[in-house]
1. Residue check: is residue 131 within 21 Å of residue 52 (Cβ to Cβ), in the same structural domain as residue 71 (by TED's automatic domain parsing) and either of a type in the set (Ser, Thr, Tyr) or touching a Cys at 6+ places or on another chain (Cβ under 9 Å) (or both)?
2. Among all residue pairs at least 6 apart or on different chains, which show Cβ distances below 8 Å where the first residue, located in segment 144-155, is in a strand (DSSP E or B) and the second is of a type in the set (Asp, Glu)?
3. Residues 75, 95, 114: which one is assigned to a strand (DSSP E or B), surrounded by fewer than 17 Cβ atoms within 10 Å (Cβ to Cβ) and among the acidic types (Asp, Glu)?
4. Only residues in segment 156-167 that are closer than 16 Å to residue 57 by Cβ count as the first member; pair them with residues that are of a type in the set (D, E, K, R), Cβ under 7 angstrom, at least 6 apart or cross-chain, and list the lot.
5. What about residue 137, is it surrounded by fewer than 15 Cβ atoms within 10 Å (Cβ to Cβ) and in contact (Cβ under 8 Å) with a residue 40 or more places away in the chain?
Amino acid sequence: MPPSTVNRRQLIQRLAAISLGTCILPLASYGLSPDPAPAAIYIPPGGGNKGKVGDMQITFKLTSAETSGLLGLWETTIQPGELGAPPHYHAKTDEICRVLEGTVFFMTGNNITEVKAGGWHLRPKGLVHTFWNSGTTPAKTIDICIPGGHEYYMQELALLFEDNKRPKPGDLTHLEEKYDIHYRFDLLQEVMNKYKVKL
């Protein structure tokens, strides 16, 4: 059979491939794969991998690998007088926080917002932010990053604090280069002095 000749079976195979491609392409354009739907996930009370960043306790609940890349989610307990993170911003990631217990203060740009238990707060991408607990009791939060991925930064950061270790020079620079986080260490001392918190 000449190379230019296509029999009926080959024609059907090629048409099927084209049809399948048009179904997959829209999924790929949204960063989704045509894989089967993921299994349901149950996390019992207190469940999840645990870590610490300084004195801040973190329990990881959901990762982007479990949510088709859409979000990551963890619980945080911030001790009294503790700053949750150096001032920083994300180029592509929004963060949402719901305060479950206590009170958390959020700095977003030049604004300070006091969020009490039951309140929600959005830290949009591109805006320098940090947060702290100025109260006398621990504050507990649920933190959501959209899209997912920032939870992996938090997991790697927690590893730097295992066995009472502290990050070494260059560790945070490595994480900054690897993940969507851009530190503003030039603002750190002013925030700690002004709001009487420690990192």
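The values are calculated or read from the model by the stated rules, or taken from the named source; none is laboratory data. Computed from a predicted model, the values in this text were never measured in an experiment. When we count neighbours, we look across all protein chains shown, and the Cβ atoms used for this are built from the backbone with ideal geometry, even at glycine.
1. Spelling it out, residue 131 is indeed within 21 Å of residue 52 (Cβ to Cβ), in the same structural domain as residue 71 (by TED's automatic domain parsing) and either of a type in the set (Ser, Thr, Tyr) or touching a Cys at 6+ places or on another chain (Cβ under 9 Å) (or both).
2. Close Cβ pairs (under 8 Å, with a partner that is of a type in the set (Asp, Glu)) amount to 144/95; 145/94; 145/95; 145/151; 146/94; 146/95.
3. Exactly one of 75, 95, 114 is assigned to a strand (DSSP E or B), surrounded by fewer than 17 Cβ atoms within 10 Å (Cβ to Cβ) and among the acidic types (Asp, Glu), namely 114.
4. Between residues of segment 156-167 that are closer than 16 Å to residue 57 by Cβ and residues that are of a type in the set (D, E, K, R), the close pairs are 158/52; 160/171; 161/52.
5. It is true that residue 137 is surrounded by fewer than 15 Cβ atoms within 10 Å (Cβ to Cβ) and in contact (Cβ under 8 Å) with a residue 40 or more places away in the chain.
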